[in-house]
Structures are given as structure tokens and as C-alpha cells.
1. Looking at E72, is it at pLDDT 95 or above, open to solvent by less than 70 Å² (accessible area, probe 1.4 Å), away from the ligand (no atom under 16 Å from the Cβ) and under 26 Å from the mean Cα position of the chain (by Cα)?
2. With respect to the numbered conditions (1) part of a loop (DSSP other than H, G, I, E, B); (2) under 30 Å from L328 (Cα atoms), which one is the sole condition not fulfilled by P259?
3. Condition first: within 16 Å of the ligand (Cβ to nearest atom) and either at pLDDT below 95 or over 15 Å from the mean Cα position of the chain (by Cα) (or both). Now tell me which residues in the range 200-246 satisfy that.
4. Taking S197 as the residue in question, decide whether it is within 16 Å of the ligand (Cβ to nearest atom) and either open to solvent by 10 Å² or more (accessible area, probe 1.4 Å) or over 20 Å from L238 (Cα atoms) (or both).
5. Output the strands (runs of 3 or more DSSP E) that fall wholly within the range 122-219 and possess 1 or more residues being in contact (Cβ under 8 Å) with a residue 60 or more places away in the chain, or say none.
6. Given the conditions (1) crowded, with 24+ Cβ neighbours inside 10 Å; (2) more than 16 Å from the ligand (Cβ to nearest atom), report the number of the one that Q66 does not fulfil.
7. Among H260, H312, which is the only one that is away from the ligand (no atom under 16 Å from the Cβ) and touching a Ser or Thr at 6+ places or on another chain (Cβ under 8 Å)?
8. Can you confirm whether G231 is open to solvent by less than 60 Å² (accessible area, probe 1.4 Å), out of contact with any Lys or Arg (no Cβ under 6 Å at 6 or more places or on another chain) and within 19 Å of R78 (Cα to Cα)?
Amino acid sequence: MATALERYDPQIYELIRQEKARQSACVRLIPSENYVSRAVMEANGSCLTNKYSEGYPGKRYYEGQQVTDLVETIARERAKKIFKADHANVQPYSGSVANIAAYMALINPGDTIMGLSLPHGGHLTHGWKVSVTSKVFNSVRYTVDPNTGRLDYNQIEDLAKKYKPRIIISGATAYPREIDFEAFGQIAKKVGAYHVSDIAHIAGLVVAGMHKNPVPYTDIVSTTTHKTLRGPRGGMLLCKAEHADKVDKSVFPGMQGGPHMNTIAAIAVALAEADTPEFIAYARQIVKNAKALAEKLLEYGFNLSSGGTDNHLILIDLRNKNVPGKKLAKALDRAKIETNYNTTPMAPDHPANPSGLRLGTPSVTTRGMKEDQMHLIAGFINKVVENIDNEAVIEDVSKEVLLLSSQFPVPEHFIIPNRDNQDVPQPMDTLTPWLF
Ligand code: DSN
């Protein structure tokens with residue numbers, strides 16, 4: 001039987017169908033992307049999208065919050081539990097909003113923030129020049145050591161002493177090594193700065209204990225919910241009790257109006273999924289896969305920023321291969337391997353035409369691929385690089401990729417947490433029982 005969408009909007013229905021097919025056919029290596037479970041998708045597409053809930057549980061500006069208060073409370077409690085934080089705000093629409101809300105909770109416009117430069121792996125909202133964060137705040141940027149590709153904590157401390165920022169931001173969007181959040185915390189303390197950590201990329205690895213949890217060393221931790229954490233598109237802030245009120249006020253009414261309660265419900269589901277041994281095994285495999293992919297790429301003579309990876313992502317410097325990043329990303333896309341072109345610290349050229357490529361393993365790991373498949377994928381990438389202007393070879397690679405993809409279908413129910421102990425809310429007498 002045709003679905004409602006199919007009947008009422010066949011154009012959009014067909015496009016969504018095509019996107020689903022594309023996501024199944026491709027080997028998706030964009031490190032910030034993933035596949036959510038059917039349960040997360042269901043919560044995200046639920047009737048909660050119909051509800052406005054300005055405020056916080058127990059203190060809303062609109063009536064009819066009997067259910068939404070419970071949903072948001074569950075999401076907050078699950079976030080606090082898995083990140084061991086005193087307080088969680090699950091309302092930010094995205095990581096960018098979460099970051100700005102974190103800064104505004106602690107400092108004033110015109111104050112100085114210090115974050116990782118974008119061509120060296122920082123995010124736009126870490127104070128990059130085209131971002132509102134460098135217009136509202138005075139922005140100082142640290143870099144990685146271009147020789148090692150790694151953060152240089154002495155350089156960061158020297159800069160912090162020189163510029164005396166009010167906030168030091170740790171965290172990155174394209175940095176393949178573990179970040180020493182404790183060292184950042186110590187530097188911030190020495191110069192009297194607040195410390196904000198952005199763990200958008202590695203949140204799932206933090207939950208699984210693969211990377212150190214920054215919560216004890218940080219004033220506010222900001223994250224997205226959809227990368228290694230494998231939830232819906234959204235953002236979240238975690239903090240110590242002393243900052244809870246400021247953080248909440250900064251998100252609402254400071255930055256946002258009504259929260260997206262459907263997203264918050266889906267975040268709650270993803271957090272329950274993340275609180276399982278299966279998720280820990282998944283996160284471990286993400287890192288094992290990234291290391292296997294990196295090792296094989298090195299064997300093929302690729303230059304990797306920092307020489308490898310400790311997390312889910314890899315940055316390739318393509319200059320020795322004489323292929324521009326954008327040209328390769330487009331050729332790989334034709335070969336059904338999805339990546340993104342990126343700057344690298346060794347060649348921090350313009351982000352629109354860089355000489356690097358960024359890869360990551362969260363999505364392929366969700367599909368159950370392991371080290372052997374990473375070796376195959378490295379071979380495919382190498383073949384495309386060596387035949388960058390040969391469309392026949394690129395088409396052959398796409399057929400091999402399709403075959404590989406068909407052996408690892410996108411799972412819809414990849415984690416079934418033990419829900420036996422769940423405190424399922426009783427039906428409320430205010431609801432219309434004849435509906436159920
Ligand atoms: N666009 C995200 C990424 O790909 O890393 C960061 O916001």
C-alpha cells in the first residue's frame with residue numbers, strides 16, 4: 001500500500017527513496033555522518049514535531065507539556081549518566097548553536113576567545129574569521145605543529161599567556177589525534193580563562209571510554225548528537241552544576257525559541273543505545289577500522305596528517321599524489337565512495353580548493369565492516385587516485401564498491417538494549433483512552 005508521503009507528495013517521496021538507496025549503495029566515509037537506528041528515526045519522525053515547548057521541564061510558557069516534560073527529563077538524565085555530568089541541556093538545534101550558547105553563557109561580546117584555526121582542524125564556530133564567533137568576540141587562533149600535525153600544548157600556553165582569552169576552546173572538527181583535555185584545563189586555569197570543549201566528533205568515543213571524558217576538566221562541554229554518538233541531528237551542552245542556570249538561560253531564551261521535541265526524543269533513544277556494551281564494541285571498532293584504513297593508505301604512499309589516527313578520522317595530504325582534494329572527492333563520489341575535501345595543517349590552503357581529503361569510519365562501522373573491508377576501501381581509493389582521469393576505471397571501482405556495499409546492508413535495528421528495567425510511564429488519564 002502506498003504511504004501517505006507517496007500519495008501526497010510523490011516528488012519528495014521519490015527523492016527520499018533515492019537518497020535512501022544512495023546511502024545504502026555508497027561507502028560513506030564522511031567522519032561526521034552515520035546511520036541512525038529505526039528507533040531513533042521513529043522518535044524523530046513522531047508527533048512531537050507538532051509541539052512547542054519554550055522553557056524547561058516544569059517551567060514552560062505554553063500548556064500541554066504533560067508528555068514533553070517527561071521526554072526532555074529522560075533525555076537530560078540519560079545524557080548526565082553517560083557523560084557523568086552534573087547538568088545537561090539537550091535543546092541546542094545543532095553544534096554551532098551549542099557552541100555559541102556556551103560562549104554566551106560565560107562571557108560577553110567583545111571578549112577574547114581562543115580556538116583551533118579552521119585550516120588546522122578547528123570548527124567555524126571556534127572563532128574562524130567568516131563565523132559570527134569572530135565578529136561577536138575577539139578571536140585568537142592556535143594551530144597544530146605543521147611538522148607533526150599535533151597540538152603543541154606549549155605553544156597554546158604561550159599564546160594564552162600573551163592574549164589572555166576569557167575562553168579557551170579545546171576540540172576539533174578535523175584532528176585525528178587524542179586531545180589532552182586535562183592539559184587544556186590546566187592552561188585555562190593558569191590564565192584565568194574558562195575552558196569549553198567541543199567533542200562533537202568524538203562524543204561516541206568518549207562515551208565508550210576510548211577517549212578521555214573532558215567533563216572533569218572543562219566548564220562546558222559542547223557536542224552534536226549525530227556523529228560517532230549516532231543519534232539524530234542535534235546539539236547538547238554538559239556542565240558542572242555551577243554553570244547549569246547560565247547554560248540553560250543562554251540556550252533559551254538567549255539563542256533559541258522552542259526546542260525541537262521530536263529531536264530531543266530521538267536524542268533520548270540514541271543515548272539509551274549508547275549506554276550499552278554493544279555501543280562500546282561499536283566505538284572500539286570505529287577506531288580499529290580507522291587505524292586499519294590509515295595503515296593501508298600509508299602502504300600505498302599516502303601522506304597522513306600526524307602520520308595516522310587515534311580516533312575515527314583520517315586527513316590525507318594529497319600534494320605528493322598531484323591530485324587536488326576537490327577533484328579526488330568528486331571522482332570518489334562517482335566511484336560511490338563518499339568523502340569530503342579538506343584543508344590539512346601541512347598545506348592550510350583555501351578551504352574551497354584544498355589539497356587534502358578527510359575520511360572517517362563511523363558509518364562503515366555501523367554497517368558491520370571491519371579491518372579487511374578497510375583494506376579493500378584503501379585499495380579502491382588508491383585505484384581512483386592512480387586513474388583520476390580514467391572514467392572507465394572509476395566506473396569499475398564503483399562496481400566493486402557496490403558489491404561490497406551489498407554485503408553490508410544498512411542495519412535498521414543494530415542495537416536492542418535491554419529495556420527490562422525501564423520505568424515505562426503509566427498512561428495518563430488526561431489522554432483520550434479511545435485513541436489507543
Ligand atoms: N560539518 C561538521 C563536520 O563535518 O565536521 C562540523 O560541523
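The values are calculated or read from the model by the stated rules, or taken from the named source; none is laboratory data. Owing to the predicted nature of the structure, the values given are computational and were not obtained by experimental measurement. As a convention, Cβ positions derive from the backbone with ideal geometry for all residues, glycine included, and neighbour counts pool all protein chains shown. Remember, those area values only see protein heavy atoms, side chains included, never the ligands or the DNA or RNA. Shrake-Rupley method; radii C 1.70, N 1.55, O 1.52, S 1.80 Å.
1. Details: at pLDDT 95 or above: yes; open to solvent by less than 70 Å² (accessible area, probe 1.4 Å): yes; away from the ligand (no atom under 16 Å from the Cβ): yes; under 26 Å from the mean Cα position of the chain (by Cα): yes.
Yes: the conditions hold for E72.
2. Status for P259: all satisfied but (2).
3. None; the set is empty.
4. Working: within 16 Å of the ligand (Cβ to nearest atom): yes; either open to solvent by 10 Å² or more (accessible area, probe 1.4 Å) or over 20 Å from L238 (Cα atoms) (or both): no.
Spelling it out, it is not the case that S197 is within 16 Å of the ligand (Cβ to nearest atom) and either open to solvent by 10 Å² or more (accessible area, probe 1.4 Å) or over 20 Å from L238 (Cα atoms) (or both).
5. Details: elements: 138-142, 167-171, 194-198.
In the range 122-219, 167-171, 194-198 are the strands (runs of 3 or more DSSP E) which contain 1 or more residues that are in contact (Cβ under 8 Å) with a residue 60 or more places away in the chain.
6. All conditions pass for Q66, except number (1).
7. Working: H312 fails: away from the ligand (no atom under 16 Å from the Cβ).
None of the other options fit; the residue is H260.
8. Numbers: open to solvent by less than 60 Å² (accessible area, probe 1.4 Å): yes; out of contact with any Lys or Arg (no Cβ under 6 Å at 6 or more places or on another chain): yes; within 19 Å of R78 (Cα to Cα): yes.
Answer is yes for this residue.
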